[in-house]
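No value in this document is a laboratory result; all are computed from the given coordinates. Since the model is a prediction, treat every value here as computed from it, not as a measurement. Cβ sites come from the backbone with ideal geometry, for glycine too, and all protein chains shown count toward neighbours.
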Amino acid sequence: MKLAFILDPLDQLKAYKDSSIAMMRAAARRGHQVYAIQREALIWEGGAVSARALALTPLDSDHPWYAPGAEEVLPLTAFDAVLMRQDPPFDFEYITATWLLERAQQAGARVFNFPRAIRDHSEKIAITEFPQFIPPTRVARAADEVNAFIDQHQDCILKPLDGMGGSQIFRVRADDPNRNVIIETLTAGETRSIMVQGYLPAISGGDKRVLIIGGQVIPYALARIPKAGETRGNLAAGGRGVAMPLTDGERMIAEYLAPILWARGLLIVGLDVIGDRLTEINVTSPTCMVEITAQTGFDVPGAVIDALEASASTNAHP
């Protein structure tokens, strides 16, 4: 197969932990040719979407992590699959990319995750479709509404709707003297909606990343355990990643969501679960594959290639 990955700039990727690179390595080991595309290289003209694609050979070393091959402009229909793996921010340019990828899909390109599904699934707000699994949650931008929720629940987490890696996440208690300025800052003076959730003490045991690949639940989660004195478990915020088997509660949530999300064309999904509560559904570029594979021996990147091979052999979308 010829697999194209739409990535962040190659020299900015951290090869020792990057899930996209792990998938490229897994594909290359099976004899598939991999290509890298930059999002800004996408072009639509005459009914076709094309891009400048760099053929590359992934290396086992991290510096450098690839050997470059030929670079050429190709239609996205020339690939057996195109994987959109660029990190947020989910800004207007990201949305534009999903529109272009949707046109490529219309022309016959196999794009994962489906561009419409990426666009329609806000990684924070997507959980509101499944209220039976989530903690007490309110999405609002009026300070009075946010304050009323904090007064009701006493101990809360406040976060922007477009953040990643734990950025701008605040734990706010009812008696916090800074709560008004935190709300003012996060809502940009009541001009931006935010999410406020009841604090989950189970975070001490880790903010779990549960992966779903091609509608199949990976049997291990990565518990991102906060460092001392920190609320956030995100690895980018200094959390420690420990792989462990899924609990019954985590498996129940994941197995309920798996067929629904796969039917929407979401090949790779990362659920965030604290205790037995769902807090996010990540669909842009879910990570933690390298850590789970290294600690358990379960080949998560290989599972992605399995799903792509199966999909290609049947020539069927979910």
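Worth pointing out:
- When peptides 171-181, 286-296 are sorted by average Cβ neighbour count within 10 Å, with the highest value leading, the order is 286-296, 171-181.
- Exposure proxy order (Cβ contacts within 10 Å, fewest to most) of LYS208, LYS159: LYS159, LYS208
- Inter-probe distance in nm under a simple model that places probes 7 Å from Cα toward Cβ, at THR247 and ALA143: 3.7
- Most mobile listed residue (TYR199, TYR94, TYR256) in the chain, GNM with C-alpha springs under 10 Å: TYR256
- Here each label is just a point 7 Å from Cα along the line to Cβ, and for ALA48 and ASP87 those points are 3.4 nm apart.
- ALA294 paired with LEU161, simple spin-label distance in nm, labels 7 Å along Cα-to-beta-carbon: 3.6
- Stretch gain in nm, segment THR77-GLN106, where the contour uses 0.36 nm per residue and the Cα spacing is subtracted: 9.4 nm
- Among HIS121, HIS153, HIS63, the ranking by other beta carbons within 10 Å of each residue's beta carbon, starting with the fewest, stands as HIS63, HIS153, HIS121.
- Around ALA4: net Lys/Arg minus Asp/Glu count, Cβ-Cβ under 13 Å: +2
- Cα-based radius of gyration of region 2-113 once divided by 2.2 N^0.38 Å, which approximates compact folds: 1.02
- Our summary gives the chain a relative contact order of 17 percent, counting only alpha carbon pairs under 8 angstrom and 6 or more residues apart.
- Descending Cα extents along the principal axes, region 136-199, whole Å: 25, 22, 21
- Using the Cβ-Cβ distance between PHE130 and TRP99 with R0 = 22 Å, the FRET efficiency computed as 1/(1 + (r/R0)^6) comes to roughly 0.25.
- Per residue, the convex hull spanned by the alpha carbons of region 98-219 comes to 138 Å³.
- Rounded to 10°, Cα long-axis angle of helix 248-263 versus longest principal axis of the chain: 50
- Lys, Arg +1 and Asp, Glu -1 on Cβ, resulting dipole of the chain about Cα centre, debye, nearest 20: 340
- From its DSSP helices (H runs of at least four residues, each -39,500 (n - 2.57)), the chain gives a residue-normalised ellipticity at 222 nm of -8500 deg cm²/dmol.
- GluC sites (Glu not before Pro) lying in DSSP loop within region 139-226, provided at most 16 other Cβ fall within 10 Å: GLU190
- Scanning residues 5 or more positions from ALA15 or on other chains, none has an amide H under 5 Å from its amide H, with H placed 1.01 Å from N in the peptide plane.
- Counting only aspartates and glutamates at least 8 places from LYS124 when in the same chain, those with an alpha carbon closer than 12 Å to its own are ASP162, ASP272, GLU280.
- Between the residues ALA258, MET244, SER313, the greatest Cα displacement towards the positive end of the dipole of region 202-314, with unit charges on the Cβ of Lys, Arg, Asp and Glu, is found for MET244.
- Peptides 45-54, 209-218 ordered by packing proxy, namely the average of other Cβ atoms within 10 Å per residue, highest first: 209-218, 45-54.
- Relative exposure of LEU200, LEU222, judged by other C-beta atoms within 10 Å (fewest first): LEU200, LEU222
- Eigen-decomposition of the gyration tensor built on the alpha-carbon atoms of the chain gives equivalent ellipsoid semi-axes of 35, 22, 18 angstrom, largest listed first.
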